[in-house]
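Comments concern the structure below.
Bear in mind that the values in this text are calculations on the coordinates, not laboratory data. The structure presented is a predicted model; accordingly, all values stated were derived computationally and were not measured. We place every Cβ from the backbone using ideal geometry, glycine too, and count neighbours over all the protein chains shown.
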Amino acid sequence: MDLKSLIRDIPDFPKPGILFRDITTLLRDPEGLRYTIDFLSQKCIESELKVDYVVGMESRGFIFGAPVAYKLGAGFIPVRKRGKLPAAVHAIEYELEYGTDILEVHQDALNPGSRVLIVDDLIATGGTAIATAKLLQKIGCELVGFGFIIELRDLQGRKHLPDVPIISLVEY
């Protein structure tokens with residue numbers, strides 16, 4: 001299946017000069033969505049990733065992370081923006097293009113030694129994925145890999161990630 005044909009390009013969003021890769025057109029296509037989940041899950045299995053938990057970042061990481069966790073027989077752990085989780089959290093501050101933000105995960109969500117796969121819809125510069133990896137490593141988790149639907153190769157986010165398998169389904 002040609003996943004690129006299901007991803008819409010939106011020029012000048014969210015600001016002039018940015019070409020936004022919109023996955024809502026992929027999500028609305030039942031066959032495309034099923035194929036994406038199955039394909040990413042199969043790539044993880046073929047890479048022999050032994051996963052206890054799939055971690056997805058707010059919000060599009062939730063869309064793909066939870067069904068991948070289901071397919072891999074793993075639990076799903078949401079990583080959220082500051083103030084969205086109701087219980088005690090581990091947190092990490094990270095750099096954005098303009099300023100900083102904070103990601104959080106419940107303190108009781110993961111145990112040290114848990115094997116985790118980070119899943120998100122897209123990797124660009126890698127900032128959110130790097131911050132999530134650092135947060136999980138701070139807890140003592142074993143990062144086994146990353147899974148992305150889209151990779152923007154020109155932005156070279158991959159080179160900033162830890163040395164674990166990185167799976168991306170579509171490259172631009």
Find all pairs meeting these conditions: Cβ atoms under 6 angstrom apart; at least six residues apart or on different chains; first residue within segment 1-16 and more than 17 Å from E151 (Cα to Cα); second residue surrounded by 13 or more Cβ atoms within 10 Å (Cβ to Cβ) and among the hydrophobic types (A, V, I, L, M, F, W, C). F13/F20
Considering segment 119-172 alone, what residues qualify as being crowded, with 16+ Cβ neighbours inside 10 Å, touching a helix residue (DSSP H, G or I) at 6+ places or on another chain (Cβ under 9 Å) and among the charged types (D, E, K, R)? D120, D121, E151
Going through segment 1-47 one residue at a time, which ones are in contact with a strand residue (DSSP E or B) (Cβ under 9 Å, 6 or more places away or on another chain), over 14 Å from L169 (Cα atoms) and among the charged types (D, E, K, R)? R8, D9, D12, D22
State which residue is surrounded by the most Cβ atoms within 10 Å (Cβ to Cβ) when the search covers only segment 105-118 and only residues that are of a type outside the set (S, T, N, Q) and closer than 14 Å to R80 by Cα. I118
Sole exception among (1) touching a residue at least 40 places away in the same chain (Cβ under 8 Å); (2) under 11 Å from the mean Cα position of the chain (by Cα) for K138, by number: (2)
Looking across segment 73-90 at residues that are of a type in the set (G, A, S) and surrounded by fewer than 14 Cβ atoms within 10 Å (Cβ to Cβ), the single one that is nearest to G126 (Cα to Cα) is G83
Regarding I102, is this residue over 19 Å from G75 (Cβ atoms) and surrounded by 20 or more Cβ atoms within 10 Å (Cβ to Cβ)? no
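Of the residues that sit in segment 18-47 and are in a loop (DSSP other than H, G, I, E, B) and in contact with a Pro (Cβ under 9 Å, 6 or more places away or on another chain), which one is surrounded by the most Cβ atoms within 10 Å (Cβ to Cβ)?
Here the answer is S47.
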